[in-house]
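All remarks here apply to the structure that follows.
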Amino acid sequence: MKQTITPLLSLQALTVGYVTSVGSNILFENLDLGLNAGELTCFMGPNGIGKSTLIRTLAGLQTPLAGTVRHAGALLPSGQKSNGPLPQLTSVVLTDKVTSVQMNVRELVSFGRYPYLGWNITLSRDDKDKVEAALAEVHIQHLASHRLFELSDGQLQMVMIARALAQETPVILLDEPTAHLDLNNRVEVMNLLRRLARKLDKAILIATHELDLALQTADLIWLAGREKTLITGMPEDLVLSGVFDEVFQFKGYNLKTGRVQHEAYRGKAVSVSGHGHALLWTKNALERNGFEVISAPSGLYIEVVGVDDATTWVLQDGNTFHSLRALLAHLP
Amino acid sequence: MRLNGKKSWILLPFLLGLLFVVNLGLGSVNIPPGAILSILTGHESANPVWHDIVWDFRMTKALTCLLAGSALSIAGLQMQTLFRNALAGPDVLGLSSGASLAVSLVFMSQAAGLHLFSTPGPWTVAGTASLGCFGVFFIVILIAQRLRDNTSLLIIGLMLGAATSSLVSVLQFLSKPEEQQSYMLWTFGSLGRLNWTEIKVLTIILVSAGLMTLFSTKALNGWLLGDHYAQSIGINLNRSRFIILFSTSVLTGGVTAFCGPIAFVGLAVPHLTKLIVKTHNHKILIPAVAVAGAALMLFCDIMTQLPGQAYVLPINAITAMIGAPVVIWIIIKAKRLAV
């Protein structure tokens, strides 16, 4: 990966937080980072650490306490309240609920064109084409005339992403875009953003606390540490260096294997032979139920025969089972 | 089958025209429709008194209905959008209460130990009501600059309204019955008090405020998404909020000054309109709400004359009597109110 390219958005000595009546509450201090074109960056950290605040500051919706957010070309100086968001450079997908549920999808996506329209908001042919293109990009053309209350959470999130795309900004910032979505929708949203970053050469930043998805889709991770700083790196590097374990303080989860750790409370060892997914899930079931799975043959020995949908389990005494549940019920 | 926004929109002006004509035709003096038509087209009528009645009473009243209905409805729409609250109306900022306080001060100044005006004329009342509205408006704006949150602003508006209303009660308690009565009459609202000069003044005031609202079309649409999204698509929050609050104050204050505190229309009309014109887009909503508000006001005014030739009921008694069941019916039918 070439690091010589100029980032589309860079943070220069940026300090982020709130000014309250008793002084300023600093959430992140002195950040020097950048977002590159074509890259998906996941901004991770525990809840409440200030992810939304940083996203809003980067979007110009909130004034930084110090430092600057520089766009390739434009500058957002600190302390100047008049200098707010740059709607032609940054678009956002926030956690704010859109309450106008009677609005239809196409109308909502059209809001993306507002930075380019005058006071009487007349969409030109070109604007309309761009709205349709944004709908097509996230594959929701079929929803275009649906009203918002008819949509599922996952569909609504797609619409909000289409709205950001219609804004045609080089940088897109998303705050928890996968929150409240089921696994399928979460994967779909992440894959979509991944593809958009590559295909349209955009710099995309996603604030999320969903580790598994971020590790598998992000080009770069910004990890909120404890010292009001951000640790950055490729996901794999951060896993191997143990930085994640330090920040998240996992309880019973082994990040390097990607497995939840179980206590072998039965005090019994069992060895299993077989192959493929069937072997993997057999081990999973045994470990969850308190057996220690070892490789050397011991007293208990199970052979996994066949694969996937036609699997049987044969115990060393010759008993044969057709489901793991039956097998476990039989085991001492 | 649902009519799309543009088609059903055509019905409203027709309804408005019809109600306007019916409104002109009704009154305590029975004038045949043919005579009204010839008077309106500039012909001399058989009875010169009819000419005066049609032009100086019925026409002024019908025009006042148009102005007041449109202005209050646009004000209500703006408040519902800005606060993203279906229950907001032109009076949520406490403007009407401010006007009431100022007017009650005039009517009951004796009780307060002041002798400002012996017999308050219409201009005095209008001027005082405007001052009251603007007094509250400036308090609201001062607070709005400190608070960035619209919900807090809404609550503060309601609190200001409650506080001024309680001051009015104190004044009422202290004042003589006859002073109370002239104040009570003012609070009933009246559409028939304006002469042509007053109508011209009110028209200029309301049309300028209405133009400000039109200028805010983009911002109003943006506010529907909430303040963060609005800002992210280039809406200047502070400026647009100021313009929206200012035009709402002028619209509400102008009507309250000349017609008294007319309740309910501003709250109900945006909901009624959205039932017919199914859109969120203020480019369509603003004119639609103005037309619907004028039509409802004309209708309510017609209803005030129904009990018989002898009485005319106060307009405020009618607006809520008609409006409340309609809004309840809408909520039950639509299961929800959309902002």
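So, in region A:182-205, how many residues would count as being of a type in the set (Lys, Arg) and touching a strand residue (DSSP E or B) at 6+ places or on another chain (Cβ under 7 Å)?
So in region A:182-205, the residues of a type in the set (Lys, Arg) come out as A:186, A:194-195, A:198-199, A:202.
Cutting the leftovers down to touching a strand residue (DSSP E or B) at 6+ places or on another chain (Cβ under 7 Å) gives us A:194, A:202.
Counting residues in region A:182-205 that are of a type in the set (Lys, Arg) and touching a strand residue (DSSP E or B) at 6+ places or on another chain (Cβ under 7 Å) gives 2.
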Checklist entry - Just one of A:Gly233, A:Gly258, A:Gly252 is under 30 Å from A:His209 (Cβ atoms) and at pLDDT 90 or above; which is it? => result A:Gly233
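Residues are listed down the side, and each one gets a yes or a no for (1) touching a Phe, Trp or Tyr at 6+ places or on another chain (Cβ under 7 Å); (2) at pLDDT 90 or above; (3) at negative phi; (4) not in a loop (DSSP other than H, G, I, E, B):
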residue	(1), (2), (3), (4)
A:Arg195	no, yes, yes, yes
A:Leu205	yes, yes, yes, yes
A:Trp222	yes, yes, yes, yes
A:Lys228	yes, no, no, no
Checklist entry - Out of (1) touching a residue at least 24 places away in the same chain (Cβ under 8 Å); (2) within 14 Å of another protein chain (Cβ to nearest Cβ); (3) basic (Lys, Arg), what's the single condition that is false for B:Arg146? => result (1)
Checklist entry - Can B:Leu72 be described as closer than 20 Å to B:Leu194 by Cα and modelled with pLDDT of 80 or more? => result yes
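With among the polar types (S, T, N, Q) and modelled with pLDDT of 85 or more as the only criterion, which of B:Thr119, B:Thr60 stands out? Can you show your working first?
On the way: B:Thr119 fails: modelled with pLDDT of 85 or more.
The unique qualifying residue is B:Thr60.
In region B:227-241, how many residues are within 15 Å of A:Ser91 (Cα to Cα) and not hydrophobic (A, V, I, L, M, F, W, C)? Steps first, please.
Of the residues in region B:227-241, the ones within 15 Å of A:Ser91 (Cα to Cα) are B:227-235.
This time we only want the ones that are not hydrophobic (A, V, I, L, M, F, W, C), so: B:227-229, B:231-232, B:234.
Total meeting the criteria: 6.
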Checklist entry - Which residues, taken from region B:248-272, are within 14 Å of chain A (Cβ to nearest Cβ) and at pLDDT 90 or above? => result B:Pro270
Checklist entry - Which residue out of A:Leu148, A:Leu61 is within 14 Å of chain B (Cβ to nearest Cβ) and touching a Gly at 6+ places or on another chain (Cβ under 8 Å)? => result A:Leu61
Item to check | Boolean, B:Phe107 is buried (at least 24 other Cβ atoms within 10 Å of the Cβ) and either more than 18 Å from B:Val140 (Cβ to Cβ) or modelled with pLDDT under 80 (or both) | outcome: yes
Checklist outcome for this item: Over region B:197-217, the set of residues within 14 Å of another protein chain (Cβ to nearest Cβ) and assigned to a helix (DSSP H, G or I) is B:Leu211, B:Met212, B:Thr213, B:Leu214, B:Phe215, B:Thr217
Item to check | Which numbered condition A:Ala162 misses (of (1) at the interface with chain B (Cβ under 9 Å from one of its Cβ atoms); (2) crowded, with 17+ Cβ neighbours inside 10 Å) | outcome: (1)
Next on the checklist: For region B:75-91, check the following and say yes or no: at least one residue is of a type in the set (Val, Ile, Thr) and within 27 Å of the chain's Cα centre (by Cα).
Outcome noted: yes
Checklist entry - Of the conditions (1) assigned to a loop (DSSP other than H, G, I, E, B); (2) within 21 Å of B:Phe107 (Cα to Cα), B:Thr279 fails just one. Which one is it? => result (2)
Checklist entry - Tell me, which residue of region B:118-130 that is surrounded by fewer than 19 Cβ atoms within 10 Å (Cβ to Cβ) and within 22 Å of the chain's Cα centre (by Cα) is farthest from B:Ala230 (Cα to Cα)? => result B:Gly121
Next on the checklist: Just to check your reading of the model, which residue among B:Leu171, B:Leu245, B:Leu237, B:Leu220 is surrounded by fewer than 22 Cβ atoms within 10 Å (Cβ to Cβ) and within 14 Å of chain A (Cβ to nearest Cβ)?
Outcome noted: B:Leu237
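Each row is one residue, and each column tells you yes or no for (1) out of contact with any strand residue (DSSP E or B) (no Cβ under 9 Å at 6 or more places or on another chain); (2) among the acidic types (Asp, Glu).
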position	(1), (2)
A:His142	yes, no
A:Leu156	yes, no
A:Leu165	no, no
A:Ile172	no, no
A:Asp175	no, yes
A:His180	yes, no
Checklist entry - Say we look at region B:223-234 and pick out the residues that are in contact (Cβ under 8 Å) with a residue 40 or more places away in the chain and either within 10 Å of B:Gln78 (Cβ to Cβ) or within 8 Å of chain A (Cβ to nearest Cβ) (or both); which of these is surrounded by the fewest Cβ atoms within 10 Å (Cβ to Cβ)? => result B:Gly226
Next on the checklist: Given the condition over 24 Å from B:Lys278 (Cβ atoms), crowded, with 21+ Cβ neighbours inside 10 Å, of a type outside the set (Gly, Ala, Ser) and not assigned by TED's automatic domain parsing to the domain that holds A:Ala203, answer yes or no: does some residue in region A:131-150 qualify?
Outcome noted: yes
Checklist entry - Residues of region A:1-26 being in contact with a strand residue (DSSP E or B) (Cβ under 8 Å, 6 or more places away or on another chain) and closer than 22 Å to A:Leu238 by Cα, which ones? => result A:Pro7, A:Ser10, A:Leu11
Checklist entry - What number of residues within region A:90-114 are at pLDDT below 90 and more than 7 Å from chain B (Cβ to nearest Cβ)? => result 1
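The values are calculated or read from the model by the stated rules, or taken from the named source; none is laboratory data. Values in this document were obtained by computation on a predicted structure and should not be read as measured data. Backbone-built Cβ (ideal geometry, glycine too); neighbour counts: all protein chains shown.
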